[in-house]
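In what follows, a structure is listed as structure tokens, so that the remarks can point back to it.
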Amino acid sequence: MQRTRPTDRQPATDRRGFTLIEATISIALVGLVMVGAMELAGASVRVRHIGKERPRGIHLARDLMEEIIQTAYADPDAPPNFGREGEPPGDRSKWNDVDDYAGVTDSPPTDLAGDPIDGYAGWSRSVVVNWVATDKTHETRGTETGLKKITVTATDPAGHTVSISTLRAERGVLDTQLPYGRTFAGRLETSIQIGDTSTRMRSATTLLNRPDGEHNLLVNSGFESGTASWFPTSCVLSESGSAHGGLASGRLQSRMTSASDVGQSILGKIERNQTYRVSGWAKTTSGSEGVTIAMHVDATGDASSNVFVTDATTIGSSWTFVSGTLTPSWSGTITGASLRISTWPGGGTKDLFLDDLHLSEEP
């Protein structure tokens with residue numbers, strides 16, 4: 001009798017394995033997924049790096065921008081040409097108007113004194129300055145418009161850039177001229193560092209405040225209201241558009257002698273034996289002249305001349321600052337007083353341009 005032995009073996013069934021083609025395709029798919037994941041991770045790292053460097057780039061660009069905008073719109077000491085007017089190319093401390101910076105590349109970044117800025121090795125900064133249309137500031141112009149656009153671009157060692165821009169008007173608040181000699185803070189700069197110098201961050205700002213100083217005893221001192229309150233003697237006084245500050249200046253023409261002057265009454269504004277500071281800006285059409293500022297005082301019972309005059313300041317065809325101090329004195333009762341500007345006593349008869357005149361008490 002034949003017996004059968006029980007077994008746990010299952011009957012054979014059809015089973016399919018991975019073929020070589022399927023394995024190859026799977027490997028390729030996994031590879032593609034890995035490549036995509038690695039690219040995504042790399043992009044994330046790059047974004048984090050750019051995000052970390054961007055604030056430093058902005059600070060670096062702002063630092064140079066603040067340095068630029070504290071200078072004048074146009075060169076105050078030379079004809080208003082675009083670009084540097086003889087200033088040394090490697091010494092930014094000598095640059096005095098915004099377009100002196102046009103086309104400059106600062107690599108490695110340096111401060112105003114020319115010293116490298118710590119923590120910014122491999123960085124660079126560049127500047128573009130253009131005249132722009134007043135109604136479409138994105139459109140550049142090839143001639144003077146009274147408005148300049150300044151763009152500073154900071155570039156990190158990897159080549160990533162960040163740019164900032166600002167506009168500068170011809171007669172903005174930063175071009176307001178002080179009518180007397182004063183030293184004041186015009187820029188505030190700070191730096192923060194945690195750890196080594198690579199973490200240092202710098203920032204700066206231009207201070208828009210200006211010291212009030214003494215009250216100006218003159219009216220219409222910049223001829224912005226034409227020739228009102230001023231009177232000429234032996235010459236012709238007119239308003240001129242060639243201004244040092246604001247929109248206008250006063251022009252003296254057809255001067256007959258060195259004493260041909262322009263004056264303004266200061267009766268009731270001055271006191272005996274008080275010292276006053278007088279100042280202003282002057283230029284002539286060509287050549288040179290010696291400009292003086294004088295006080296004329298008339299008083300009853302006083303037979304003296306009572307003319308008090310500053311030393312002459314030599315001026316040329318560019319605006320020149322003229323200043324001095326006067327201490328008027330008289331006896332009797334004052335009946336008349338005026339401040340006058342001329343080339344007396346030893347000057348010539350060239351035309352004079354005057355602007356931003358100032359008269360104030362000395363402390």
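Every number in this text was worked out from the coordinates using simple rules, so none of it is lab data. Just so it is clear, the model here is predicted, and its values are computed rather than measured. Cβ sites come from the backbone with ideal geometry, for glycine too, and all protein chains shown count toward neighbours.
So if we plug the beta-carbon distance of Glu362 and Glu144 into 1/(1 + (r/R0)^6) with R0 = 41 Å, what FRET efficiency do we get, rounded to 0.05?
In this case the efficiency is close to 0.55.
How many nm is it between the label spots at Ser165 and Gln193, if each spot is 7 Å from the Cα in line with the beta carbon?
3.5
Once you sort the root eigenvalues of the Cα gyration tensor of segment 231-361 as a ≥ b ≥ c, which label holds: rounded (a/c under 1.5), prolate (a/b larger than b/c) or oblate (the other case)?
It comes out prolate by the Cα gyration axes.
Calculate, in nm to one decimal, what Thr300 and Ser254 gain on full extension: separation in residues at 0.36 nm each, minus their alpha carbon distance.
13.2 nm
About the Cα centre of segment 74-170, how large is the charge dipole given +1 on each Lys and Arg Cβ and -1 on each Asp and Glu Cβ? Please answer in debye to the nearest 20.
Around 360 debye, computed over segment 74-170.
Once you sort the root eigenvalues of the Cα gyration tensor of segment 84-133 as a ≥ b ≥ c, which label holds: rounded (a/c under 1.5), prolate (a/b larger than b/c) or oblate (the other case)?
oblate
With the crude spin-label approximation of a point 7 Å out along Cα→Cβ, what separation in nm comes out for Thr333 versus Ser242?
Placing both labels 7 Å along Cα→Cβ, they lie 4.6 nm apart.
For a quick protection proxy, order the peptides 289-301, 328-340 by their average other-Cβ count within 10 Å, most packed first.
By packing density, highest mean first, the sequence is 289-301, 328-340.
Does segment 74-170 come out rounded, prolate or oblate by the C-alpha gyration tensor, with a ≥ b ≥ c the root eigenvalues, rounded set by a/c under 1.5 and, if not, prolate when a/b is larger than b/c and oblate if not?
It comes out oblate by the Cα gyration axes.
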